[in-house]
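Colleague: Sharing a structure with you now.
Nothing in this text is a laboratory measurement; each read-out follows from the coordinates by a stated rule. The model shown is predicted, which means the values in this text are computed figures rather than measured ones. Please note: Cβ atoms are built from the backbone with ideal geometry, for glycine as well, and neighbour counts cover all protein chains shown.
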Amino acid sequence: MAKINDKKVNSGMGEALFSDRERFEMWFTENWKKTAIISLVVVCAFSVAFGIRGHIENSRKAGAAELSAATTVDTLKAAIAKNSGNPAAAVAGVRLANMLFDAGRYAEAIPFLEQVAKDKDADPMLVSTAKMNIAKALELSGKLEDAAKAFSAAAAASSNFIIKSESAFHAARLYAKLGKTASALEEIQSIEAAKAGNNAMSPYADDAAVLKLAIENGEYGKIK
């Protein structure tokens, strides 16, 4: 067996290691600027992302404060127009509609309630309330046929028994008043179906039962 020359091996390893280190130093010398630029770009990207997020959050807070501070119809209208994308705009829209209702300006409230009803990010209860209030505004504006349909649609769209029963009852009441007794009974039946197995209490369910009896007794004419 040939004797291994330790000095030669060690010398070769040293040359190899030195050669690799030299190559790395050469690469680093040539590419350090690129590496630094890439690192700087990454840092800047994170800084911009966090900066944008902070700006958006501050804008939302400022918008919510502006909506909350508006106390008149005109100032609230302006605040909603300016902050339409703010999560607090839905609540402000319902509040504005209530102010318009109090002033007897029912038709004027409808567009603001429709904005809330179409807001996919708004609280479901708020959306259901807005849809029901659209129907109320239509009725108070003298559009009974449209109001009955809107109440019916609000009832069908809501999963809350209280709102569902109230909306369906008002739809039935208006349909009966318009002589559409068959449609009125359908609305009452929807309340009865929703009530089955539901422990929630609603005075409108009781009112619907009374209305059903009146229709069946012919107080609103023939069922048609």
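Colleague: Can you list the HN-Hα couplings for the stretch 64-79, worked out from phi with the Karplus curve (6.51, -1.76, 1.60; θ = phi - 60°), rounded to whole Hz and with x for Gly and Pro?
Modeller: 4, 5, 5, 5, 5, 6, 6, 10, 10, 4, 5, 5, 6, 4, 5, 5
Colleague: While we're here: Looking at the stretch 141-224, which GluC sites (Glu not before Pro) are in a loop (DSSP not H, G, I, E or B) and have at most 15 other Cβ atoms within 10 Å?
Modeller: Qualifying residues, ordered by number: Glu219.
Colleague: Quick one: go through the stretch 79-98 and flag any residue whose amide nitrogen is under 17 Å from the point 7 Å out along the Cα-to-Cβ line of Lys120.
Modeller: Taking a point 7 Å out along Cα→Cβ of Lys120, the residues of the stretch 79-98 whose backbone N falls under 17 Å are 85-87, 90.
Colleague: Stretched out fully, how many nm does the piece from Leu213 to Asn199 gain, at 0.36 nm a residue minus the Cα gap?
Modeller: 2.7 nm
Colleague: What list of ³J(HN,Hα) values in whole Hz, one per residue of the stretch 183-199 in order, does the Karplus curve 6.51 cos²θ - 1.76 cosθ + 1.60 (θ = phi - 60°) give from phi, with Gly and Pro shown as x?
Modeller: Listing the rounded values in order: 5, 4, 5, 4, 5, 5, 5, 5, 5, 4, 5, 5, 6, 4, x, 10, 7 Hz.
Colleague: Please list 3J(HN,Hα) in residue order for the stretch 209-218, calculated via the Karplus relation 6.51 cos²θ - 1.76 cosθ + 1.60 where θ = phi - 60°; whole Hz, with x for glycine and proline.
Modeller: Whole-Hz 3J(HN,Hα) from phi for the stretch 209-218: 5, 5, 5, 4, 4, 5, 5, 5, 7, x.
Colleague: So for each of 72-78, 88-94, 120-126 I average, over its residues, the number of other beta carbons within 10 Å; can you give me the resulting order with the highest mean first?
Modeller: Going by the mean number of other Cβ atoms within 10 Å, highest first, we get 88-94, 72-78, 120-126.
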